[in-house]
Amino acid sequence: MATSIALFLLFALLFANQVIPEKNHPTNIIRLGLRLSPKSNSTLWASTSGHFAFGFYPQGKGFAVGIWLGHEPDHTIVWTAYRNSPPVSSESVIELTKDGLVLLPDETGKRKLIANTSPEVPADSASMLNP
């Protein structure tokens with residue numbers, strides 16, 4: 001009987017370790033409706049390690065939207081949305097919607113999709129993952 005209880009407790013501890021997230025590993029979940037703007041304190045979403053960041057960065061006389069290496073002194077850009085388009089203004093906003101990441105408004109005053117989801121499976125959150 002004591003062996004059964006010991007085995008049960010061992011498996012319970014192992015299972016709990018897999019299910020309960022550790023406090024020193026935050027998840028950085030980005031919820032629907034969250035916004036980024038070059039004018040606000042929320043200009044980027046970072047990965048939990050800080051190795052990558054997504055958001056606005058200065059480009060020319062405006063801003064671009066992209067992903068960069070967070071720990072690099074010069075913040076090496078690894079991806080830019082609509083890289084052949086002119087920079088956006090400081091009034092621009094990125095919002096996570098059920099349709100994906102949307103830039104509101106673009107230079108024409110319209111919504112511009114940065115990353116979309118499948119119509120059958122709308123987004124409910126996003127996250128910057130670590131490699």
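The values are calculated or read from the model by the stated rules, or taken from the named source; none is laboratory data. Just so it is clear, the model here is predicted, and its values are computed rather than measured. Virtual Cβ from ideal backbone geometry, glycine too; neighbours counted across all protein chains shown.
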(message) Can you report the number of residues in the range 25-79 which are on the phi > 0 side of the Ramachandran plot and in contact with an Asp or Glu (Cβ under 8 Å, 6 or more places away or on another chain)?
(response) 1
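Can you tell me which residue among N24, N84 is in a loop (DSSP other than H, G, I, E, B) and at pLDDT below 90? Break it down into steps so the answer makes sense when it comes.
Numbers: N84 fails: at pLDDT below 90.
Within the list N24, N84, the selection yields N24.
Pick from K98, K110: which is more than 17 Å from P38 (Cα to Cα) and in contact (Cβ under 8 Å) with a residue 40 or more places away in the chain? Steps first, please.
Details: K110 fails: in contact (Cβ under 8 Å) with a residue 40 or more places away in the chain.
Testing whether each residue is more than 17 Å from P38 (Cα to Cα) and in contact (Cβ under 8 Å) with a residue 40 or more places away in the chain leaves just K98.
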(request) Filter the range 94-110 for residues that are part of a loop (DSSP other than H, G, I, E, B), surrounded by 14 or more Cβ atoms within 10 Å (Cβ to Cβ) and either in contact with a Lys or Arg (Cβ under 8 Å, 6 or more places away or on another chain) or at pLDDT 80 or above (or both) and give the result. (result) D99, P105, D106
(request) With the condition kept exactly as written, say whether any residue in the range 52-68 is without any contact (Cβ under 8 Å) to a residue 60 or more places away in the chain, buried (at least 16 other Cβ atoms within 10 Å of the Cβ) and part of a loop (DSSP other than H, G, I, E, B). (result) no
(request) From E91, E72, grab the single residue that is without any contact (Cβ under 8 Å) to a residue 40 or more places away in the chain, of a type outside the set (G, A, S), assigned to a loop (DSSP other than H, G, I, E, B) and surrounded by fewer than 17 Cβ atoms within 10 Å (Cβ to Cβ). (result) E72
